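Written out below as structure tokens is the structure these notes cover.
The values are calculated or read from the model by the stated rules, or taken from the named source; none is laboratory data. Because the structure is predicted, anything quoted here is derived from the model rather than measured. No Cβ is skipped: glycine too gets one built from the backbone with ideal geometry, and neighbour counts run over all protein chains shown.
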Amino acid sequence: MSAEDLEKYESEVELSLYQEYRAVLSMFRYVVETDRRFYLANEVNIEEVSNSSPVRLRVLLRDAWVWDMYRPVRFVESVVVETFKDVNIEELPRKEGINLNQDKPIGDL
């Protein structure tokens, strides 16, 4: 496999991943971005694991989708992320007629 073939393959996989992301986005309530991964999830909880400096966070995700072109399965039941770095959480806008656990807030921010 030449470098050109590899580059073409990776471009096709990334395009396929983006198309999958667009197709599943409406199924989720939150977008979660860590220093290593990008997730869609329906439930997000954050815990402070240590009160030392820097603070270590544990992010618990339920009913999630992982942006990772090398994973054969991107839908996962739960994810636990531990990090010292920033975690960005965005609540997606709700669409009329869709109930995505609207009564559940983000935990313990």
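Scanning segment 37-75 for residues that are among the small types (Gly, Ala, Ser) and within 10 Å of the chain's Cα centre (by Cα) yields ALA41, ALA64.
Scanning segment 76-85 for residues that are surrounded by fewer than 16 Cβ atoms within 10 Å (Cβ to Cβ) and either touching a Ser or Thr at 6+ places or on another chain (Cβ under 8 Å) or free of Cβ contacts under 8 Å to residues at least 12 places away in the same chain (or both) yields one hit, LYS85.
If only one of VAL49, VAL80, VAL44, VAL73 is of a type in the set (A, V, I, L, M, F, W, C), part of a strand (DSSP E or B) and either at pLDDT below 95 or under 16 Å from TYR21 (Cβ atoms) (or both), which one is it? Sole residue among the options that is of a type in the set (A, V, I, L, M, F, W, C), part of a strand (DSSP E or B) and either at pLDDT below 95 or under 16 Å from TYR21 (Cβ atoms) (or both): VAL49. Applying a threshold of 9 Å to beta carbon distances and a minimum spacing of six or more residues, or different chains, the list of pairs starting in segment 26-38 at a residue that is closer than 14 Å to PHE84 by Cα and free of Cβ contacts under 8 Å to residues at least 40 places away in the same chain and ending at one that is exposed (fewer than 14 other Cβ atoms within 10 Å of the Cβ) and among the acidic types (Asp, Glu) is empty.
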